[in-house]
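The values are calculated or read from the model by the stated rules, or taken from the named source; none is laboratory data. From a predicted model like this one, the values you see are computed outputs, not experimental measurements. Backbone-built Cβ (ideal geometry, glycine too); neighbour counts: all protein chains shown.
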Amino acid sequence: MSSRPPGRTPLALRFVLSFAFLYLALIVAMGWFLSRSVESAFTEGLFDQVESAARISAEGMPTDNAELQTWADTMADVSGYRYTVVGQDGVVLADSHSDPATMDNHSDRPEVASAIAGDTGRDARDSDTTGFDQLYVAIPTDEGDILRLSASTNVVAAETWPYRSSVILVSIIVGLIGLAVAAWLARRMTQPIVELTEQTRALAEEGVEPKLTHSSVREIDQLVTAVAVLDETNRSRLLETERASTTLEVVLGAMPQGTILFDEDDSVVYANPSAHALLGGIPETLSGLVPFSFQDVLLEAREIGSPTTVIVEHGKPVRQLRGIATPFADDKRILLVVVDVTERERAASVRRDFVANASHELKTPVSAIIASSEALQLAVERGDDSSLGFARQIEGSARQLDRLVADLLDLSRLERDDPELDPLSLDHLVQEELERVRPVADEHGIELTLDVTPIQVAGSRRDVAIAVRNLLDNAIRYTPTGGSIETRLEAVGNDAVLRVSDSGEGIPTRDLERVFERFYRVDNARARATGGTGLGLAIVKHVVESHGGRVSVASELGAGSTFTVHLPILERQIPASN
């Protein structure tokens, strides 16, 4: 989990700061209001005090204008107020602080104007003479002049300062108490949020399932409930996602096709085990992918926005790989599926070769039959004695065609149907097949020897008999007159091992790996002359492998060949019946 971003203030601190700001604003407003109220009260009191002093002083004011200046100075020294006597025309007659001769006409002064009108005049302003704030009170006297007294407002400030100090001190004390209470309340109110934050962080930790604490605050409790529901929903979705991911991983991992996913920046996001096996390793980015043809097809598919396919050869031994590049519709990701089509292509090639070879093999005896039939017709028309020879040629070609068709049918059946495995006495079957071919061997002067050990295998009697018959027939066909064929059956470990050895011409080393292919002949002329179809050894290999065994050949030119068949021995031997 990431920590709280820098520069963010806690909620409790914000609450306290907000309270402090609001409190300060309230205190300033209240202080200003109280200060103005106290100042107004003291100012009004000072006005009354000055007015009282003016009325008392007016009773003793001299009537002689020559004495007014002296009287004003004396009264100012005694009272501390400034005394000014103004005539009805506004001319200053006497002033305790300035020379009347230098003073302006005062008829425009508000307080003087009110007194001239017969009322008591009051005003507060800066004095043009002293330059300080002054309170002015003017009253009309019995002699018709105007008596004006003024006092400095500093007196008000001095009188109100103790009250202001008290207000400021009390405000500070109350503010500090309020801040403490606000901090305590903020901490108490935010504590459930802090706890919920820690619990929510713990919810995000893998494998941690803390119990969410409910709060007495309704809104916070609703938030706790919402977080609990969200956590349950997320856990359910996470579980579903993990299950889907695991399922996909198992499915893709079990697929024989290689699967590689490239991100928008060409980095490898996923590759299953089959991709590693087929390509011999997976790079980190697209630029390291081999074979390089796959890079081209991926880039082409991404550019055109549709799947693209390519077949390349790769690895040792060389395998044929089909690459299918499929781009994503909503972004630049792209999927590469690699399929090993080596066996498929080989099977297709084998089928094509089989059809071509079968057509050729069928055409040969059919052509011979047609040619011999035409010759036979001519010989019969002419009464030529060679007609018998042509008839024999037709018979031989027909028998060759019959053997070829029979082998094709056997091979087709063997490839189509799985063998039915029953307990089979292999030694008895080998003896029967040997006796079946003995007349042909005797006709060619070939000696047959047999050495068998009683062994049972699980197999189809019909199919195994065909395989043994083809091995013996192949040995007789390639063994010259006066030669010998040795057949041996023995148990070697868990296998029944059948060896058919002949003293024939042998097989060149270059042909040993191909003798089990369909229609493959070491010597085509000799094979056709002896009636071979080219399918016998292919049938042998198919029968043996379908029974869980294997067949091999060892040969040396001029020294004969040995074909060896391994078949699994039946675990529980069943006594042979008489």
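Assorted remarks:
- T102 of a type in the set (S, T, N, Q) and at pLDDT 75 or above: yes
- Per the listing D73, D123, the residue uniquely part of a helix (DSSP H, G or I), more than 16 Å from T141 (Cβ to Cβ), more than 60 Å from the chain's Cα centre (by Cα) and free of Cβ contacts under 8 Å to residues at least 24 places away in the same chain is D73.
- Near pairs, Cβ below 7 angstrom, 6+ apart or cross-chain, from the stretch 315-329 (closer than 30 Å to E264 by Cβ) to any residue that is surrounded by 15 or more Cβ atoms within 10 Å (Cβ to Cβ) and basic (K, R): P327/R302
- Tabulated pairs, the stretch 541-552, first in contact (Cβ under 8 Å) with a residue 24 or more places away in the chain and farther than 15 Å from L471 by Cα, second among the hydrophobic types (A, V, I, L, M, F, W, C) and crowded, with 21+ Cβ neighbours inside 10 Å, C-beta under 6 angstrom, 6+ apart or interchain: H547/L567; G549/L567
- Within the stretch 463-488, the residues that satisfy the criterion of being out of contact with any strand residue (DSSP E or B) (no Cβ under 9 Å at 6 or more places or on another chain) and assigned to a helix (DSSP H, G or I) are D463, A465, I466, R469, N470, D473, R477.
- Number of positions in the stretch 421-435 that are in a helix (DSSP H, G or I), over 17 Å from E486 (Cβ atoms) and touching a Lys or Arg at 6+ places or on another chain (Cβ under 9 Å): 1
- Flag for D123 being assigned by TED's automatic domain parsing to the domain that holds V92, more than 15 Å from F42 (Cα to Cα) and modelled with pLDDT under 90: no
- Number of residues in the stretch 466-518 that are buried (at least 20 other Cβ atoms within 10 Å of the Cβ), under 60 Å from the mean Cα position of the chain (by Cα) and either hydroxyl-bearing (S, T, Y) or outside the structural domain of S561 (by TED's automatic domain parsing) (or both): the value is 0.
- With a requirement of 1 or more residues that are among the aliphatic types (A, V, I, L, M), surrounded by 16 or more Cβ atoms within 10 Å (Cβ to Cβ) and over 17 Å from the mean Cα position of the chain (by Cα), the strands (runs of 3 or more DSSP E) lying completely within the stretch 250-333 that satisfy it span 308-314, 319-327.
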